[in-house]
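Below is one structure, written out as structure tokens, with a few remarks after it.
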Amino acid sequence: MKKLLLCLFVSWLCVACSSDDSTTTPQPQVPDNNSDTPDPTPDPEPDPEPNPEPDPDPEPDPENPQLAVVFPAKFMTTSPFSRRAEGQQKAFGMYDTSISTVPSYFSATELIDAILKGDTSISDTFDVGAFYVTGHNASCFGPVVMYSGHPDAPSPSSASGSLPSGDLGLWLVSDDSGDACAVAQTNALLEGIESQTTMSLMTLASMVAVATADGSSLPAVGSTLDVTGLMNDAGITDVTFSNASIEQTTTQWLYQVELSYQVGSDVYAITLDMTHVPSADAEQYEGYLRYTVEGEVGVSGIEFPGMNCSQNERTLAGSIAYQRNGDNIVLQARSGTLCGHSVANVFNSNNIVDVDNIYNAVSNPDGWSENFSIYGADFDLTTLAGDYAHVWQAGAGDSHSRVFNIGFNDASLDNGESHFGYGTSIDDTDGTISGFICNWAGPGADHTLVSKTQRQFFEFDSTLNVYLGTDHRANIEYAPTVSCDYDGLGTFLFDIDASGTLGDTALEDSTLAFSNDLWTPTDSTMTVPEAIAARGLSVPVIPFGWPAEE
């Protein structure tokens, strides 16, 4: 049977086959008002209608059924909001050429498909720097905010200063790009794992391509094909492959890559491996991708930032567990920075990055010390409509994780809603938001949760190619105090517009009271996760579950 599959795959290299990926799944309605249940009525103060997306092309691009036998066709990890300029690829035939951008998911899967088929050479597209791209904060999210006369300060000496970056959540409605802040932050956070996943899959796909171009047959069941020499023949600058192999077992295709990247006189190791489990149905498969990337603080271009690890040498570890059933894909992507090189205990028994491998300078000096994240998604791969949650934690010792829950109103992705807040520590997260913390790092900081979130409605404008976020449909404003409010009876000023100057707007006046407009469940019997779910946003059920389920 496996020999037959191998023959079919070789035949595919010459004869294209196709299947229809046009089926879509209806999505729950996410209301754009503040009620806990979906409301189909229009917003009472609607923004001007954006230019609508053109109707999707009903003819999808061909998907070869033999592709999924050896490689996960149409699989990628990206932000649902991320878009790329059109012109390189036209994915699934869904977007007319008059549209200047397409979702990154489609452009990335098309590029990987082109490499797999040998239409694009890895020597022309490989960029080792893609492994060193890291997630970051958008300019509107948690900017440095100056303050004076802080009412929670235990003494006058601590009443003035600035709040550190990353701790204030959705501070401005929009990013510099024009995107709603929730959209911009999701894109920024996932920029690293999107880049690393793309380059990992491109590299693994190129192994099939170079073998085919060389006239080599893919390995039979129980055999391994070594393509190390062929990968080195690509002549990638400063990169040397020490191992590149493809193996077929009775149920799996196994890919392994070990390469070194030379920076000056030093060499840094990068490893990739993927286990792909196909089925008799080309559109039903599962598996996992893993990678480790050595870097060093102080060496330009290969730094993994953070203040917890006691040494400059760091190792980025990532994993993506995936399952496809027809047009539906569910995935769990994990990423974290470990302290040191040649680290141990990186992955758990499920072959995903181990969230319990927490750094301790004495007892576990090579555990994860910085920037652990978990991204869960359950979506239709032809439209990207689905459920998304992203959880991250900057330091191993933080009391809480930070969480985005994202939902779309329909398969067009034209509009939807995002909630940001805090949850349990990332080693115990279930992907839900527990509440909000208004004074995370200021004078008199208190991490007691209040039953609120930051909520933002977003709507796509196809002319501007941005997701607009509007003031009257965003609940994001608060004072950075324990109570989230300021009574106007003291001398408190804080930089509301993040301009870097206090008192430069009319609202920055210590005599004015400031009341938060954070989103609060209108049904007091509901918890925050229950109230968010009642609005139509669901935390995705992901392969191997969230850490709370481990």
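Here are some notes:
- Rh by Kirkwood over Cα pairs, then Stokes-Einstein D for the range 102-180 at 1.306 mPa s and 10 °C, µm²/s: 94 µm²/s
- Counted residue by residue at 0.36 nm each, then reduced by the alpha carbon distance between them, the extension gain from Asn360 to Thr251 reaches 35.3 nm.
- Fewest-first sequence of Met307, Met202 by Cβ atoms within 10 Å of each Cβ: Met307, Met202
- Euclidean distance between Cα centres, the range 454-531 to the range 204-267, Å: 52 Å
- Size descriptor, Kirkwood hydrodynamic radius, that averages inverse alpha-carbon separations across the range 148-247, Å: 18.7 Å
- Length gained on full extension, Asn465 to Asn325: 47.3 nm, using 0.36 nm per residue less the C-alpha separation.
- For the range 360-366, 3J(HN,Hα) per residue [Karplus equation, 6.51 cos²θ - 1.76 cosθ + 1.60, θ = phi - 60°, Hz, x = Gly/Pro]: 9, 4, 9, 8, 8, x, 10
- The label-point distance for Thr525 and Ala441, in a model that sets each label 7 Å from Cα toward Cβ, rounds to 4.1 nm.
- Ala344-Ser265 pseudo-label distance in nm [points 7 Å out on the Cα-to-Cβ vector]: 3.1 nm
- Counting every other Cβ atom within 10 Å of each residue's Cβ, Asp366, Asp152, Asp226 order from fewest to most as Asp226, Asp152, Asp366.
- Taking the square roots of five times each eigenvalue of the Cα gyration tensor of the range 460-528, the equivalent ellipsoid has semi-axes of 26, 22, 8 Å, listed largest first.
- Derived scalar couplings ³J(HN,Hα) [the range 444-452; Karplus, 6.51 cos²θ - 1.76 cosθ + 1.60; whole Hz; x for Gly, Pro]: x, 3, 9, 8, 5, 6, 10, 7, 8
- Per the Debye formula on identical point scatterers at the alpha carbon atoms of the range 208-250, with no solvent, log10 I(q)/I(0) at q = 0.14, 0.16, 0.22 Å⁻¹ is -0.34, -0.43, -0.72.
- Whole-Å semi-axes of the ellipsoid equivalent to the range 312-356 (Cα gyration tensor, √5λ, descending): 27, 10, 6
- Rg in Å to one decimal, and Dmax rounded to a whole Å, for the range 252-306 via C-alpha atoms: 16.3, 50
- Long-range HN-HN contacts of Phe460 with modeled amide H, under 5 Å: Asn415, Leu468
- Applying the Karplus relation 6.51 cos²θ - 1.76 cosθ + 1.60 with θ = phi - 60° to the range 194-209 yields 3J(HN,Hα) values of 5, 5, 5, 5, 4, 5, 4, 5, 4, 5, 5, 5, 5, 5, 5, 5 Hz, where x marks Gly and Pro.
- Taken along the Cα-to-beta-carbon direction at a fixed 7 Å, the label points for Val541 and Ser121 span 4.8 nm.
The numbers here are math on the coordinates, done by the rules we state, and not lab data. Remember, predicted model here, so these are calculated numbers, not experimental data. Note: ideal-geometry Cβ built from the backbone for every residue, glycine included; neighbour counts use all protein chains shown.
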